[in-house]
1. Can you name every residue in segment 264-274 that is part of a loop (DSSP other than H, G, I, E, B), open to solvent by 40 Å² or more (accessible area, probe 1.4 Å) and without any contact (Cβ under 8 Å) to a residue 24 or more places away in the chain?
2. Residue 403 - would you say it is over 17 Å from residue 74 (Cβ atoms) and aromatic (Phe, Trp, Tyr)?
3. Return the residues of segment 321-371 that are over 19 Å from residue 48 (Cα atoms), of a type in the set (Val, Ile, Thr) and buried (at least 19 other Cβ atoms within 10 Å of the Cβ); say none if nothing qualifies.
4. So, of the residues in segment 52-91 that are in contact with a Phe, Trp or Tyr (Cβ under 7 Å, 6 or more places away or on another chain) and part of a helix (DSSP H, G or I), which turns out to be most open to solvent (accessible area, probe 1.4 Å)?
5. Output the residue which, of all residues in segment 94-110 that are polar (S, T, N, Q) and closer than 30 Å to residue 318 by Cα, is least open to solvent (accessible area, probe 1.4 Å).
6. Specify which of the listed residues (166, 198) is of a type in the set (S, T, N, Q) and in contact (Cβ under 8 Å) with a residue 24 or more places away in the chain.
7. Only one of 115, 170, 107 is under 21 Å from residue 292 (Cβ atoms), in a helix (DSSP H, G or I) and touching an Asp or Glu at 6+ places or on another chain (Cβ under 9 Å); which?
8. Quick one: in segment 239-252, of everything that is more than 19 Å from the chain's Cα centre (by Cα) and farther than 23 Å from residue 164 by Cβ, which residue is most open to solvent (accessible area, probe 1.4 Å)?
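The values are calculated or read from the model by the stated rules, or taken from the named source; none is laboratory data. Please read all numbers here as calculations on a predicted model, not as lab measurements. Virtual Cβ from ideal backbone geometry, glycine too; neighbours counted across all protein chains shown. To get the accessible areas, we keep the full protein, side chains included, count just its heavy atoms, and leave off ligands, DNA and RNA. Shrake-Rupley method; radii C 1.70, N 1.55, O 1.52, S 1.80 Å.
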Amino acid sequence: MKPAAACLALATLLVATPAQAATPTQAPTPSACPPPVVVQPDPAASIPPINSAALQQSIAGLPAADATAAIVRVGGSKGSWKGMTGVADLTTQRKASARVRFRAGSVTKIFTTAVVLQLVAEGMISLDDAVQDHLPGLLPDSYPKVQVGQLLNHTSGLPAPTLPKTFDWVYQTRFKTWTPQEYVALAVQNPIEFRPGTRQHYLNINTFVAGMLVEKVTGRSYEHEVTTRILRPVGMRDSYLPGTSPRIRGPHHKGYQVVPAGFENAIAYGDGHVVDMTATSVTSTWASGDLIATAADLEKFVKALFSGKVVPPAQLEPMFTVPEVMMHDKCGNQPASYTSGMTRLVLPGGIVAYGKTGARYGYAAGVGATRDLSRTLVYSVNSTDAKASGQNQRTLRIALAAFS
């Protein structure tokens, strides 16, 4: 793959997911739509030796304008590398640590998907089942049947809730406790976006409904099921689901968001200002983004998942399968890229990998690996603008350094 194409593919897929669209927008003119990015994998491609210098450079210079700290773990059959830099707290200037907890954001979706696939393996549910049969009354009668599998690979057509898009609103409501029922009820006030199974649109609503499905089928809380089915068996002793608590328990780096001068509680940082977003409710993302984890724990999880130790091999295939549909976006000419729970990536040199990113304000996280586990990657970056669409170049450089 040419370097420019590699960067474009990774920038599209491996950096933090943009803010969720709530309402359709005007279709752009044809000239505004870039041509589809289709990069062919090379079956003969192999993972190169670890490039320690590139990895070190990818996290150099912290704290900086774009991030205050970073943790990176690279592993696999071709060797390993660990790096950490920056500060844990801008006020005290305490040095960063590799052993801290952080908000993993949408990496949580892998866990939600894995639990549903476990239930499929146990015969408690089928990917072809209609969501309406398990959760009657949740979706409007006007909606078509939505299959469980369509939730997992984001082809359901379910809409996002219409919410204010300003950070000021996010900050003022950062301690609000959402219930899953409240979130879904607000979302389904909007019409279904497309006929289920015909397009792909990455939205939190899908894993919200999947989490509710887990609770209905098992009769136990989503948090209990993820903890007892994944966190404990895999040995993720330092990871947990916080429920309604806005705190991060134990050692952690503070997370900051860049804001304009004069913003409430803003502190000076370099040439600008930031606000502390460490304490915040994650009920607004729940089964889509509430996991708190460590880099070491996520590395354990990736290895166990890809090895068939979390989801039985017979049910694992959807996590490595991209549906043959187009993305539901302004242009509609880009092929789908999300599997059930992850993203499929064609990396420099034609190497194929799978992974997931996540972003909460102050925290950008990511996991990825080749299917044979010849290379694994876990990172946590305390980005000062983690939710910015296409702006988190730090995580892009980390990913490129890890796989090329």
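1. Step one: filter segment 264-274 for residues part of a loop (DSSP other than H, G, I, E, B), giving 264-266, 270-271.
Checking which are open to solvent by 40 Å² or more (accessible area, probe 1.4 Å) leaves us with 264-265, 270-271.
The answer is 265, and nothing else.
2. Values: over 17 Å from residue 74 (Cβ atoms): no; aromatic (Phe, Trp, Tyr): yes.
Spelling it out, it is not the case that residue 403 is over 17 Å from residue 74 (Cβ atoms) and aromatic (Phe, Trp, Tyr).
3. 339, 343, 357
4. 52
5. Checked segment 94-110; the qualifying residue least open to solvent (accessible area, probe 1.4 Å) is 108.
6. Details: 166 fails: in contact (Cβ under 8 Å) with a residue 24 or more places away in the chain.
When all the criteria are applied, what remains is 198.
7. Within the list 115, 170, 107, the selection yields 115.
8. Top of the filtered list is 247.
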